[in-house]
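First the structure, in the form of structure tokens, and then the observations on it.
Where a number appears in this text, it was derived from the coordinates with a stated rule and is not lab data. The model shown is predicted, which means the values in this text are computed figures rather than measured ones. Backbone-built Cβ (ideal geometry, glycine too); neighbour counts: all protein chains shown.
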Amino acid sequence: MALFGIPYLSLILLSVVVRPSPHRRLFFVPILLLTAYVFGCTTGTFNGDYYLGATWFPWFFFASDYILLTDVQRTLRQVPLKHASTTRAGEVEVPIEKAPLWRRLRWGISLLMTPRGVSWVHEPTAALPPTSAR
């Protein structure tokens, strides 16, 4: 099953990185097929199956959100605008959907590696109580 992990995560990353298009949702089809295949298979051990389910299926739900429900490049932004090109004066020049591939790839990796949304505009700051010094 580890053999399918790299293509699976690569498909999710690729679907986040490509420019916004109505055809971007087609990336979900192979992700769904790989998930259905993994769901019907077993590693032969309880620990292996548990690990596979605990790691694979959260990515499936992230993929369904990022591909089917949200236009990620137009909706999700980092709080410090690290994803945008800047001019010499420090002004934002290029939004992420118009940025070059390398910059969108770095942006997509950052998005996928912060599932709680820390330092992104979708970070749940209002739902968490403020921490106090102890």
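Miscellaneous remarks
- On the principal axes of its alpha carbon atoms, region 2-112 extends 59, 28, 20 Å, with the longest extent given first.
- Full extension of the chain between PHE39 and LEU101 yields a length gain of 19.0 nm, computed as 0.36 nm times the residue separation minus the alpha carbon distance.
- The mean sequence distance of close C-alpha pairs (under 8 Å, at least 6 residues apart), as a share of the length of region 2-112, puts its relative contact order at 31 percent.
- Amide proton proximity set for VAL94, modelled H, under 5 Å, gap of 5+: SER85
- Couplings 3J(HN,Hα) for region 47-53, derived from phi with the Karplus relation 6.51 cos²θ - 1.76 cosθ + 1.60 (θ = phi - 60°), are 4, x, 5, 5, 4, 4, x Hz, where x marks Gly and Pro.
- The charge dipole of region 2-112, taken about the Cα centre with unit charges on the Cβ atoms of Lys, Arg (+1) and Asp, Glu (-1), comes to about 440 debye, rounded to the nearest 20.
- Using θ = phi - 60° and Karplus 6.51 cos²θ - 1.76 cosθ + 1.60, couplings along region 10-25 (whole Hz; Gly, Pro as x): 5, 5, 5, 5, 4, 5, 7, 7, 4, 4, x, 7, x, 7, 4, 5
- Taking 0.36 nm per residue of separation and subtracting the Cα-Cα distance, full extension of the segment from VAL121 to SER64 would add 18.6 nm.
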